[in-house]
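K.L.:
Dropping the structure in here first, questions after.
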Amino acid sequence: MGAGHPECPERLDAIEDRLLITGVGDALVRREAPQAPLGDIELAHDRMLVAAIRGLCDQLADDITAGGPAYAQIDPDTSLNVHTWNAALRAAGAVIAATDSVLAGEMENAFCAVRPPGHHAERNKAMGFCFFNNI
């Protein structure tokens, strides 16, 4: 999101630190976050929003190559970079995989510390640091 923004890598570091200090981290089963299938994303979001986020990330990569900025602003709280598309798919994918695992009885519960968060994203709009809703 850019320098000084509260949605930053240190947010996950703080969560990890708390899990380690409390001992909860030792009890967790950690899994690699898969990318959410686009069909699953489109169950919660308009296809045009999904295409727009992907297109903005692709355009930003081209702009950076031409000497442009490293971030594109969507709203006052939300910007994206060239890694946003993959990160947003993995954040949503982590939550989908965790939910599937709980429903299948593979685990009793799940906690997903993901970036970017997803709870503010709306069907037709990314906002509040969030691109795809994963709540």
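The values are calculated or read from the model by the stated rules, or taken from the named source; none is laboratory data. Everything numeric here is computed off the predicted structure, so don't read it as measured data. As a convention, Cβ positions derive from the backbone with ideal geometry for all residues, glycine included, and neighbour counts pool all protein chains shown. Note: areas computed on protein heavy atoms with side chains; ligands, DNA, RNA excluded. Shrake-Rupley method; radii C 1.70, N 1.55, O 1.52, S 1.80 Å.
K.L.:
Could you work out the relative contact order of segment 11-85? I mean the mean sequence separation of Cα pairs under 8 Å and 6+ apart, divided by the number of residues, in percent. Working shown, then result.
P.N.:
On the way: 37 pairs, mean separation 14.2, N = 75.
Across segment 11-85, relative contact order equals 19 percent.
K.L.:
Quick one: putting +1 on the C-beta of Lys and Arg, -1 on the C-beta of Asp and Glu, what dipole do you get for the chain around its Cα centre, in Debye to the nearest 20? Working shown, then result.
P.N.:
Values: 10 positive and 19 negative charges, 24 e Å.
Here the size comes out at about 120 debye.
K.L.:
A further question on this structure: Relative contact order for the chain: what is it in percent, counting Cα pairs under 8 Å that are at least 6 residues apart? List each step's numbers first, then the result.
P.N.:
On the way: 178 pairs, mean separation 37.6, N = 135.
Contact order relative to length: 28 percent.
K.L.:
Also: For segment 118-130, just list the computed ³J(HN,Hα) in residue order, Karplus coefficients 6.51, -1.76 and 1.60, θ = phi - 60°, integers in Hz, with x standing in for Gly and Pro.
P.N.:
x, 5, 9, 5, 9, 4, 10, 7, 7, 6, x, 6, 10
K.L.:
Can you pull the percent of the chain's accessible area that's carbon plus sulfur, 1.4 Å probe, other chains left in place? List each step's numbers first, then the result.
P.N.:
Numbers: 4600 of 8260 Å².
Exposed carbon and sulfur together represent 56 percent of the surface.
K.L.:
In segment 9-84, which trypsin sites (Lys or Arg not before Pro) fall in coil by DSSP and have 10 or fewer other Cβ atoms within 10 Å?
P.N.:
Details: sites: 11, 18, 30, 31, 47, 54; in loops: 30, 31.
Filter output for segment 9-84: 30.
K.L.:
Which far-off residues, 5 or more places away or on another chain, put their amide H under 5 Å from the one on residue 122, with H placed in the peptide plane?
P.N.:
127
K.L.:
Ok, one more. Run the Debye formula on the Cα coordinates of segment 50-135, all scatterers equal and no solvent, and tell me log10 I(q)/I(0) at q = 0.22 1/Å.
P.N.:
Scattering profile of segment 50-135, log10 relative to I(0): -0.99.
K.L.:
Just to verify a number: FRET efficiency for residue 11 and residue 63, C-beta to C-beta distance, R0 = 25 Å, to 0.05?
P.N.:
Details: r = 26 Å, r/R0 = 1.05.
Working from the Cβ atoms, E equals 0.45.
K.L.:
Return one whole number: the accessible area per residue of the chain in Å², for a 1.4 Å probe. Please list the in-between numbers first.
P.N.:
Numbers: 8260 Å² over 135 residues.
On a per-residue basis, 61 Å².
K.L.:
For segment 7-101, rounded, prolate or oblate, judged on the Cα gyration tensor with a ≥ b ≥ c (square roots of eigenvalues), a/c < 1.5 rounded, else prolate if a/b > b/c? All intermediate terms of the calculation are to be shown ahead of the outcome.
P.N.:
Working: a/c = 2.69, a/b = 1.48, b/c = 1.82.
Oblate shape, in that a/c is at least 1.5 and b/c is the bigger or equal ratio.
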